[in-house]
Structures are given as C-alpha cells and as structure tokens.
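Q: Before anything else, here's the structure in question.
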Amino acid sequence: CAVKAAQVLSEIAKNEEMKKPCIEADLVPTLIPLLESTDQEMLLHAGRAIGRICYDNRDLQEELVKAGVIASLVRILTDYAESEPLVHVDLLALCNLADLDTAKEALSKTKVAEQLVKQLRRAENHERLEIVFEVLQALAENDALKVQLVEAGVQEVLSEILLRLQGSSQAEDTCIVKAASDLIVSLLLGDPNSLGQLIFLASYECNTIRLLISESGFLKTGKKNLGLIFPMINGNCVRMVQLGVIHQLLDLLEKHVEGGDVSVQHAALSALRNLAIPVVNKVQMLEEGVAERIQALLKSEMPPVQFKLLGTLRMLADGQADAAEILGQDPMLLNRVVQWCNVNDHTGIHGEANRLLASILRHNRSQEVVKAIQKAQGVKHLVSMTTSEHAAMQNEALNALAIASAIDLETLAESFKESQLVQSLHKLLQDDNTSPEVKYNSMGLLCSLLNSGDLRQEIEEDKIKETLEQLCSHSNANVVKEAVTTLQVLRGET
C-alpha cells in the first residue's frame, strides 16, 4: 500500500491548509527513505509529496538537505533521465532547494552539472527549459559548480539554443533567450581565474559572443550585461577582435545613433573600450576604422554615452601616434571635445574630455595636430588641467603641453600667455602639497617654455628663479636634479 499512500499524501499536500498537519505528523522524515526506491511510481508520488509539503518552508528544506536528499535527487535524475514525469518532479525539487548554500555545497560533490546539461540539451518545450535554467541560475552562484557546468559543456548547449532561437519574435522564445543570456553572464561573473575554460565562450567560431551582441541576443532583454561581460575577458580580447566582434559592436552602435537605446550605446562602448586595452588590438581597431565609425556618436546629448565615447577614444589613442594624428586632425571631433571640456555640471565628462585632449597631444608627433588643437581653443583647457585636484591628470596635462611645446612652441606661445601658464606652473612649484612628480614635470615644461623670448620674460618677471633655488634643497632627489637643470637653462648655462 506504500505507493498508494504516497499518492494520497501528494494529493493532500496540494492543499495549503493540509501542509501543517503533514509536518506535525512527521510525514517528511517518513517519506525521505522512499526516495531510495527502485519503483518509479513510488519515486514519483513520494517526490511530489515531499516537494509540496516543503515548498516555501526554508527550515524543512534545510532538514531535507541534512537528511541527504540531494544525493537521492541526483541519483534519480541520473537513473531515470528518460522518464519525463520523474525528471519534472526532480527538477522542481532541485529548483526549490538550489537557493540554499547547504544544497549548493552538497550538489558540488555530485555529478549534477553533467545531468542538468544533459536535460538542457534534450528539453523539447519552453516549460522544461525554464525549469532547467532556473536551477542552473541558482547553481551558477557557486564557483565550484560553475567550473563543473563548463566541464559538462553548458556553453555549447547555450550557444545552440541562442542560434536556434535567433531572430524569433515569439514571447516564449524571447524569455528563453533572456534566461540563456542571463545564465551566461552569471557564469562569467566572479573569479575569472577559476573560469578559464568558460571565459571564451565559443572559441570554435565565437557564435555565442556574436549572438549576445546582436539585436536578437540578450541586448534586447539584458543590455546592461554587455558591459559586464567584456571586463571579464581581457585575456581573450585579442582573439575576439581577430574573430570580428568589433564589427558586430560597431553595427549595433550605428543602428542606435539616431534616437536609439542609450543603454545599448553605453554597453557597446564599454565593450569597445575594454577590447581596445591590448596594444595589438588598438592597431587592428584603427586599421578597421573604429575611430572614424564611433565618431558618429559625437552628436549624442546623453551624458552616459558622451562619457563612454570619450573614454573609448582615449583608450584607442593611448600609445598610438597614428591614432593621435587621426583624432587630432579632425576639426569636428576637436570642437566637440572642447565643448565637453566646458561642461562643469558633469565632472566625469569634463575630466574625460580634458584627458582625451592631453592624450592626443602626448602621443602625437605632428605639428598639424598641435595647430588643430590650438585652433579649436583646446590649449586653455589643458593649462587649466595642470591645476586639477588629481595628480594623474596634472601630470598628463604637463607632459602633453611639454611635448606640444617641443613640437611647435611658436604656435602655442600666445595661448600660454593668455591662459597664464607660467603663473600656474609657479604656483605648483611653490605649493608644498604638490607631489614631487608634478613639480618635476612642471620644471620640464618650464625648460621648454624658456625657448620662447616672451615666455622667458614672463618666467623672469614672475621670479620663478627664487623658487627653483629653494627646490634645490627639496627632499626628493629627482626634484632637486630637475631644479638644478632648469636653473642652468634659465641662466643660459646649457
């Protein structure tokens, strides 16, 4: 009669009011041993009864885990993988328990990942897919289970599902695409060192990455996650650029330039910026016209897009003279960047715009670029940047102005006088709070300025010589050395 009794209990437990009497009668501990049965009907009814009694009862669920029910559930999933009713009940049970840390720990010691990937592969309807995804999403919060899922080939199945549903407008398919995409993101987040095999999801053709970036991928339903994925995969950025991911991103950006989705633009630019970090990628991205194509976003009035655009362009120019020359000779770009230098109500955009100007000057070797920035009235912003509260930005500005002065001081001299560069440098040298590196770079710039008669006169009139003499006894050896050198140049000794 045990099978019939279990069936009766599973029906009784459907009623919310009957759960408490079932618990008080200690039916759960009585039912748990039945999960070791080899009778499929017994397993079905006992599993349903336990699941219904323990549903939404965390204390009882913890007791189930302690009683070893996890091992039984995985065994059932393994032994009866072809039994639709048993698999359904089993998956529901795992779904209810998987949020528990104790359950995850217990599951990590089993081969549940292998069985779940198998069920994901053979699922033929949306309901089954959704249940499996829900279980997998919970398990993906555990690092050990993440690795097991990858080893079981979950990334290949996810790629197949996304490819199969690509372009579908059915609401049910959209839900599955979102679930698959969210799972990919969950698998990517966390400690990348423990996820080496997952980080490059579709190494055979990069199909999954392409789909995630496409309109039919999870940008449609989970746009913010694109920006999260790419910082996790810096080690594979070179491979991804080689596989053409850049063009996917650029195509997407261009679709959304005119009245498009701001979050898509922001996410795609975040991805481009991270892909532009490796030097070899900068070269390839520039050769493929990335700098020109993303300039279409210059007209954007959305601060998040402006900020990311500036950061992406700066990353492309970093260390690349060719990029600096391309960007530094584009009047429309320079005029827009100078406009953003004037934005005081958004410090992020203001700072990035100044840093982009500095980067273009620092990495270029062209007199034409210096003249273009001068014409766009960008010099005064770089002079102002030398007094930034951030030492890193001060140094970027000082180095940029020193390089520009070495290239074409004659073009810049008048702007330096109007923006009172000499006076700003003197204040930096006098201020005890100025970092040694900023003092050092300030004197380096002064040495360049001394090549202009008018600026030399300003330096002499501002009595910077006395300040330099004081710096000859500074506690920092580099500052002392540069002070001595600058004094020698000022006196005409070298």
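The values are calculated or read from the model by the stated rules, or taken from the named source; none is laboratory data. All values derive from a computational prediction rather than experimental measurement. Here Cβ is always computed from backbone atoms with ideal geometry, including for glycine, and neighbour counts include all displayed protein chains. Ligands, DNA and RNA are excluded from the accessible area calculation, which covers all protein heavy atoms including side chains. Shrake-Rupley method; radii C 1.70, N 1.55, O 1.52, S 1.80 Å.
Q: Give the label of the value calculated from the structure for mean projected area of the Cα convex hull in nm², choosing from [x] 29.6; [y] 20.6; [z] 23.1.
A: Working out mean projected area of the Cα convex hull in nm² from the coordinates points to [x].
Q: Around MET42, with a cut-off of 12 angstrom between Cβ atoms, what is the net charge of the other residues, counting Lys and Arg +1 and Asp and Glu -1?
A: Here the charged neighbours net out to -1.
Q: Once the Cβ-Cβ distance between MET18 and GLU141 is put in as r, and R0 is 35 Å, what FRET efficiency do you end up with, to the nearest 0.05?
A: Between MET18 and GLU141 the formula returns 0.60.
Q: Using a Cα-Cα cut-off of under 27 Å, which lysines could be cross-linked to LYS118, ignoring same-chain neighbours fewer than 8 residues away?
A: Within the straight-line limit of under 27 Å, LYS118 reaches these lysines: LYS66, LYS104, LYS109, LYS146, LYS178.
Q: Tell me the angle of helix 421-430 to the major Cα principal axis of the chain, expressed in degrees between 0 and 90 and rounded to the nearest ten.
A: Value to nearest ten degrees: 70.
Q: Round to a whole angstrom and tell me the spacing of the C-alpha centers of the stretch 47-96 and the stretch 472-493.
A: Here the two parts' Cα centres lie 77 Å apart.
Q: Report ³J(HN,Hα) in whole Hz for each residue of the stretch 383-396, in order, from the Karplus equation J = 6.51 cos²θ - 1.76 cosθ + 1.60 where θ = phi - 60°; Gly and Pro get x.
A: 5, 4, 5, 5, 9, 4, 7, 9, 4, 4, 5, 4, 5, 4
Q: Just to verify a number: what accessible area does SER473 come out at with the full protein assembly present, 1.4 Å probe, Å² rounded to tens?
A: 100
Q: Angle check, please: helix 2-12 long axis (alpha carbons) against the longest principal axis of the chain (alpha carbons), in degrees 0 to 90, nearest 10.
A: Roughly 60 degrees, rounded to the nearest 10.
Q: Also: If each of ASP59 and SER168 carries a label point 7 Å out from its Cα toward its Cβ, how far apart are those two points in nm?
A: 4.3
Q: Leaving out same-chain residues fewer than 8 places away, which aspartates and glutamates sit with a Cα under 18 Å from that of LYS19?
A: Filter leaves GLU11, ASP56, ASP59, GLU62, GLU63.
Q: Suppose a student asked you for the relative contact order of the stretch 1-109, using Cα pairs under 8 Å spaced at least 6 residues apart; what percent would you report?
A: 25
Q: Read phi for every residue in the stretch 469-481 and hand back ³J(HN,Hα) as whole Hz from Karplus 6.51 cos²θ - 1.76 cosθ + 1.60, θ = phi - 60°, with x for Gly and Pro.
A: Taking θ as phi minus 60°, the curve returns 5, 5, 5, 5, 10, 5, 6, 9, 4, 5, 5, 4, 4 Hz for the stretch 469-481.
Q: Still on this structure, please answer the following. Which listed residue (TRP340, VAL69, GLN137) has the Cα farthest towards the positive end of the charge dipole for the chain, taking +1 on Lys and Arg C-beta and -1 on Asp and Glu C-beta about the Cα centre?
A: TRP340
Q: What percent does the relative contact order of the chain come to when contacts are Cα pairs within less than 8 Å and at least six residues apart?
A: 6
Q: For the stretch 261-306 and the stretch 373-401, what is the separation of their C-alpha centers, rounded to whole Å?
A: That distance is 23 Å.
Q: In addition: Checking the cross-link filter: which lysines have an alpha carbon closer than 28 Å to that of LYS417, excluding same-chain neighbours under 8 positions apart?
A: Candidates past the 8-residue exclusion: LYS371, LYS375, LYS380, LYS427, LYS439, LYS463, LYS465, LYS481.
Q: Still on this structure: What residues of the stretch 20-45 lie in the reach of a label at GLU84, counting those whose backbone N is under 17 Å from a point 7 Å from the Cα along Cα→Cβ?
A: Answer for this model: 41, 44.
Q: Please check the chain for the longest run free of GluC sites (Glu not before Pro) that are loop-located per DSSP (anything but H, G, I, E, B) and have at most 12 other Cβ atoms within 10 Å.
A: 390-492
Q: Starting at the first residue of the stretch 283-298, write each ³J(HN,Hα) from the Karplus equation 6.51 cos²θ - 1.76 cosθ + 1.60 with θ = phi - 60°, in whole Hz, x for Gly and Pro.
A: 4, 5, 5, 5, 4, 8, x, 4, 4, 5, 5, 7, 5, 4, 7, 4
Q: Still on this model: Give, as a single signed number, the net charge of other residues whose beta carbon lies under 14 Å from the beta carbon of GLU62, with Lys and Arg counted +1 and Asp and Glu -1.
A: Local net charge: -3.
Q: Multiplying the sequence separation of GLU410 and ASN478 by 0.36 nm and subtracting their Cα-Cα distance, what value in nm do you get?
A: Full-extension gain reported as 21.6 nm.
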